[in-house]
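Participant: To start, I am sharing the structure in question, which I have written as C-alpha cells.
The values are calculated or read from the model by the stated rules, or taken from the named source; none is laboratory data. Keep in mind it's a predicted model, so treat the numbers as computed, not measured. Every residue, glycine among them, receives a Cβ derived from its backbone with ideal geometry; neighbour counts consider all protein chains shown.
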Amino acid sequence: MEGSESSALGRVTVYSIQGCPHCIQAKATLGRLGVPVRDVDIGKHSELRARVKELTGRSTVPQIFFNSVHVGGNDDLQKLPPEELQRLVNLVKDEPLRADAPPLPEINQVEETAADNDGGFKCERDELAELVEDLKHGSVIGSHRKGLTSYKKCFSGSQLVEWLQKQKGMARDEALNTGQALLQKKYMVSVNGSGQQDASFGEGKDAMEKLYRLMEDDPNSALNVGQTASCSPIQAAELSLLLRDLILKLFSEHLSADGKSVDYKGMSVNPAFERYCELAIQLQRVELLSLTREEKLAFFINIYNALVIHGYLRLGAPTNIFQRYRFFNYVSYLIGGEVFTLQDIENGVLRGNRKGVAQLRKPFSKTDPRLQMALPDAEPLIHFALNCGAKGCPPIKTYSPQDIDSQLRIAAEAFLENDDACVVDSGKREVRLSQIFKWYKADFGGTDEKLLKWVLEHMGDSPKKTSLQSVVSSGKPKVTFLPYDWSTNSSH
C-alpha cells in the first residue's frame, strides 16, 4: 500500500503477516499520514524474519520503521505523541533512506508467492468417486432394524455386493474387492461402531449382514460432511497448508480497518468460503496414520486454527462460558474417517491425550481409534500457536512440518513479549502470567518453579528476561495469573 504523497524521499517499512489484526490497524493509521508505506509480509518472506528480530529485538509483528528509525509495534505507534509522530513523518518526507534502511525482499522473490492460494489444489477425481455417486442414487441405501435399534441411511454387505454384481456387472470376487476398497479408502464405514473399521470386507461369520454407511452420511455434526470427498486423497500436510492459507486470506479480507473486528457475515457469503468448504470436505479421507510427529503437529495446529474460524462462521462466536464449552466440544471436522472436535485436537492429539480444562476424563479411551493420532507427550508450545496475543501476533500463522519446532519456539517467544502474557514486578518480586499457564500448568512442569524455568528458557533476550532472571535467582518469587480477555472479535 502506498501513501498519498509519493514525492517523499524516504519510506515507512511495516513488517507484518496476513490475518494479524494489529498489523491491519497499524497500516490503517499509517495510510492516513500521506507517506509511502512499504508492507513486507514476513509470513511469505520468512528469510527476513531473523534480520527483523536482529534489528528490533522483538519476535512479534507488526514492526514499524520510519526510514531507519524503529518505532515498535502497533501499540507503540498509537501511543506516539503528535509532535513526535510529525517529526517522523517529516523525516520520511525530507530525508532519503540511508544505507542501513530496513531490508526489503529480494527483487526476484515474487511478492505474491501464490496469488491465489487455493490455486495449488487441483482435484483429480478418485476412481471410486463415480461408483459412490451411482450408489447414492441407487435403491440400496435405506433404513435397517437390528433388535430395538433402527439405523438410517445404511446398507448391508450383501446388498452392496448384489448391487455391484447387477448394476456394475462385476463377478462376486471383484464385488468383494470393491467393498474392501471402499472401506479402505474411507468412502464407507461399518455402522454401530462394531470397532472393526479396518476389518476385511465380507469375511467372518455374518459378514454379509454387517451394516455399512457412506462416510458423508455419518450422523455427526462435523462441518465438512454431507458431500462425497471425490478427489484422490491429498497429502495431509499439503491439505492443511492449503486450508489454512485460504481461510487466512478470507479472514484478512474481512478484518475491519482498525483490525478490531471481523465481518463473519460478509466472510460466509464470499465465494472463496465456498471453495474453502469444498477443500475441507477432502479431509474426510485423508491419510493420518503415516504422519511423523512434525507432520502431525503442523497438520493439527493448522486445522485447529482453520476450524475455529469455520465454527465462528457457522455458529457465531461463543460469548459466555457455557457457549465456549459447547463450541469447543461440538465444532468438529471428519478427518481420515474419524470425527475430531476442537477439544479432541487440542487435548487428545496435541497434548498427548490429557484431560482439558473442566474435563473429567481423557478425550480418547484405550479402544478409541483416534488414540493412534495422539502425540506421545503433551507439547507445551502448541498453546502459543493456537491463539494470538492481545498486543502482537507471532510472525507465523501457518505452520509447516519442515521446521515446526523452531516455528513454535518463535510463537512462544512472541507471546511472552506481550504484557498480557507475562509481567515482572521486581519491587514486589512477583511474576504475573497468562491464565494459559494456570490452566495447563501440568504441561509446563506442574510447579511454580518449573513453570518459571520454562518461561525463562523460552523468552527472547530483553529487559523483561533480565528482570525475570534476577527475580527468580533472588529466591522464591510470587507467581500470580492475569485475567484472561475472552472478548471476541466479531463485528456483528
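Participant: Would you be able to tell me the number of residues in the stretch 55-73 that are buried (at least 16 other Cβ atoms within 10 Å of the Cβ) and either under 22 Å from Lys93 (Cβ atoms) or of a type in the set (Gly, Ala, Ser) (or both)? Full working, then the answer.
Facilitator: Taking the stretch 55-73 as the starting set, the residues that turn out to be buried (at least 16 other Cβ atoms within 10 Å of the Cβ) are 55-56, 58-68, 70-73.
From the residues that got through so far, the ones that are either under 22 Å from Lys93 (Cβ atoms) or of a type in the set (Gly, Ala, Ser) (or both) too are 59, 62-68, 70-73.
Final tally of qualifying residues: 12.
Participant: Can you name the helices (runs of 4 or more DSSP H) wholly within the stretch 340-446 that have at least 1 residues being under 21 Å from the mean Cα position of the chain (by Cα), outside the structural domain of Lys464 (by TED's automatic domain parsing) and farther than 29 Å from Ile321 by Cβ?
Facilitator: Numbers: elements: 382-385, 404-417, 435-439.
Qualifying helices (runs of 4 or more DSSP H): 404-417.
Participant: A further question on this structure: Looking for whichever is assigned to a loop (DSSP other than H, G, I, E, B), surrounded by fewer than 13 Cβ atoms within 10 Å (Cβ to Cβ) and modelled with pLDDT under 90 here; the options are Ser150, Ser139. Which one fits? Before the answer, list the steps.
Facilitator: Numbers: Ser150 fails: assigned to a loop (DSSP other than H, G, I, E, B).
On inspection, the qualifying residue turns out to be Ser139.
Participant: Something else: Of Asn320, Asn347, which residue is closer than 21 Å to Ala222 by Cα and among the polar types (S, T, N, Q)?
Facilitator: Asn347
Participant: Restricting the stretch 24-67 to residues that are of a type outside the set (A, V, I, L, M) and part of a strand (DSSP E or B), which is farthest from Leu255 (Cα to Cα)? Write out each step before concluding.
Facilitator: Taking the stretch 24-67 and keeping what is of a type outside the set (A, V, I, L, M), we get 25, 27, 29, 31-32, 34, 36, 38-39, 41, 43-47, 49, 51, 53-54, 56-60, 62-63, 65-67.
Filter once more, so that each one left must be part of a strand (DSSP E or B): 38-39, 41, 63, 65-66.
Working: Arg38: 20, Asp39: 17, Asp41: 16, Gln63: 19, Phe65: 23, Phe66: 25 Å.
Once the filter is applied, the top-ranked residue is Phe66.
Participant: Could I ask something else about it? Take the residues in the stretch 381-413 that are touching a helix residue (DSSP H, G or I) at 6+ places or on another chain (Cβ under 7 Å), of a type outside the set (A, V, I, L, M) and surrounded by fewer than 22 Cβ atoms within 10 Å (Cβ to Cβ); name whichever of them is modelled with the lowest pLDDT. If you could, list the steps in order and put the result at the bottom.
Facilitator: Here is the first cut: in the stretch 381-413, the ones touching a helix residue (DSSP H, G or I) at 6+ places or on another chain (Cβ under 7 Å) are 381-386, 389, 391-401, 404, 408, 411-412.
Filter once more, keeping what is of a type outside the set (A, V, I, L, M): 383-384, 389, 391-395, 397-401.
After this cut, where a residue has to be surrounded by fewer than 22 Cβ atoms within 10 Å (Cβ to Cβ) as well, the list is 389, 391, 400-401.
On the way: Gly389: 47, Lys391: 52, Ser400: 89, Pro401: 91.
Looking at the filtered set, the residue picked out is Gly389.
Participant: Could you please let me know if Gln196 is at pLDDT below 95 and in a helix (DSSP H, G or I)? Before you say what the answer is, go through the steps one by one.
Facilitator: Working: at pLDDT below 95: yes; in a helix (DSSP H, G or I): no.
Criteria not met by Gln196.
Participant: Among the numbered criteria (1) surrounded by fewer than 16 Cβ atoms within 10 Å (Cβ to Cβ); (2) more than 30 Å from Ile247 (Cβ to Cβ); (3) in contact with a Gly (Cβ under 9 Å, 6 or more places away or on another chain); (4) not hydroxyl-bearing (Ser, Thr, Tyr), which single criterion is violated by Trp454?
Facilitator: Among (1) surrounded by fewer than 16 Cβ atoms within 10 Å (Cβ to Cβ); (2) more than 30 Å from Ile247 (Cβ to Cβ); (3) in contact with a Gly (Cβ under 9 Å, 6 or more places away or on another chain); (4) not hydroxyl-bearing (Ser, Thr, Tyr), Trp454 violates only (1).
Participant: Test each condition in (1) part of a helix (DSSP H, G or I); (2) farther than 15 Å from Glu346 by Cα for Lys296 and report the one that comes out false.
Facilitator: Failing condition for Lys296: (2).
Participant: Please work out if Leu80 is surrounded by 12 or more Cβ atoms within 10 Å (Cβ to Cβ), of a type outside the set (Val, Ile, Thr), at pLDDT 90 or above and assigned to a loop (DSSP other than H, G, I, E, B). Write out each step before concluding.
Facilitator: Working: surrounded by 12 or more Cβ atoms within 10 Å (Cβ to Cβ): yes; of a type outside the set (Val, Ile, Thr): yes; at pLDDT 90 or above: yes; assigned to a loop (DSSP other than H, G, I, E, B): yes.
When the stated conditions are applied, Leu80 passes them.
Participant: Just to be sure before I move on: is Ile321 at pLDDT 90 or above and β-branched (Val, Ile, Thr) in the structure I sent? Step through it out loud before you land on a result.
Facilitator: On the way: at pLDDT 90 or above: no; β-branched (Val, Ile, Thr): yes.
For Ile321, the condition - at pLDDT 90 or above and β-branched (Val, Ile, Thr) - is not met.
Participant: Give the stretch 154-176 a look and list any residue that's surrounded by 15 or more Cβ atoms within 10 Å (Cβ to Cβ) and in a helix (DSSP H, G or I), or say none.
Facilitator: Pass one, the stretch 154-176, residues surrounded by 15 or more Cβ atoms within 10 Å (Cβ to Cβ): 154-157, 159-164, 170, 175-176.
Within the stretch 154-176, Gly157, Gln159, Leu160, Val161, Glu162, Trp163, Leu164, Ala175, Leu176 qualify.
Participant: Condition first: aliphatic (A, V, I, L, M), at pLDDT below 90 and surrounded by fewer than 21 Cβ atoms within 10 Å (Cβ to Cβ). Now tell me which residues in the stretch 25-54 satisfy that.
Facilitator: If the condition is that a residue be aliphatic (A, V, I, L, M), at pLDDT below 90 and surrounded by fewer than 21 Cβ atoms within 10 Å (Cβ to Cβ), then Ala28, Ala50 are the ones that fit.
Participant: Any residue at all in the stretch 105-120 that's surrounded by 12 or more Cβ atoms within 10 Å (Cβ to Cβ), under 28 Å from Asp461 (Cα atoms), modelled with pLDDT under 90 and not hydroxyl-bearing (Ser, Thr, Tyr)?
Facilitator: Taking every residue of the stretch 105-120 in turn, at least one turns out to be surrounded by 12 or more Cβ atoms within 10 Å (Cβ to Cβ), under 28 Å from Asp461 (Cα atoms), modelled with pLDDT under 90 and not hydroxyl-bearing (Ser, Thr, Tyr).
Participant: Does any residue of the stretch 443-451 turn out to be under 19 Å from Ile303 (Cβ atoms), surrounded by fewer than 21 Cβ atoms within 10 Å (Cβ to Cβ) and touching a residue at least 12 places away in the same chain (Cβ under 8 Å)? Lay out the reasoning, then the answer.
Facilitator: Looking only at the stretch 443-451, we keep the residues that are under 19 Å from Ile303 (Cβ atoms), and these are none.
Within the stretch 443-451 (the criterion being under 19 Å from Ile303 (Cβ atoms), surrounded by fewer than 21 Cβ atoms within 10 Å (Cβ to Cβ) and touching a residue at least 12 places away in the same chain (Cβ under 8 Å)), the answer is no, since none of the residues qualifies.
Participant: Sticking with this one: Return the only residue of Ala50, Ala26 being over 25 Å from Ala306 (Cα atoms) and outside the structural domain of Gly259 (by TED's automatic domain parsing). Step through it out loud before you land on a result.
Facilitator: Details: Ala26 fails: over 25 Å from Ala306 (Cα atoms).
The match here is Ala50.
Participant: Considering each of Ala222, Ala257 in turn, give the residue that is on the phi < 0 side of the Ramachandran plot, at pLDDT 85 or above and among the small types (Gly, Ala, Ser). Can you show your working first?
Facilitator: Numbers: Ala257 fails: at pLDDT 85 or above.
Only one candidate passes the filter, namely Ala222.
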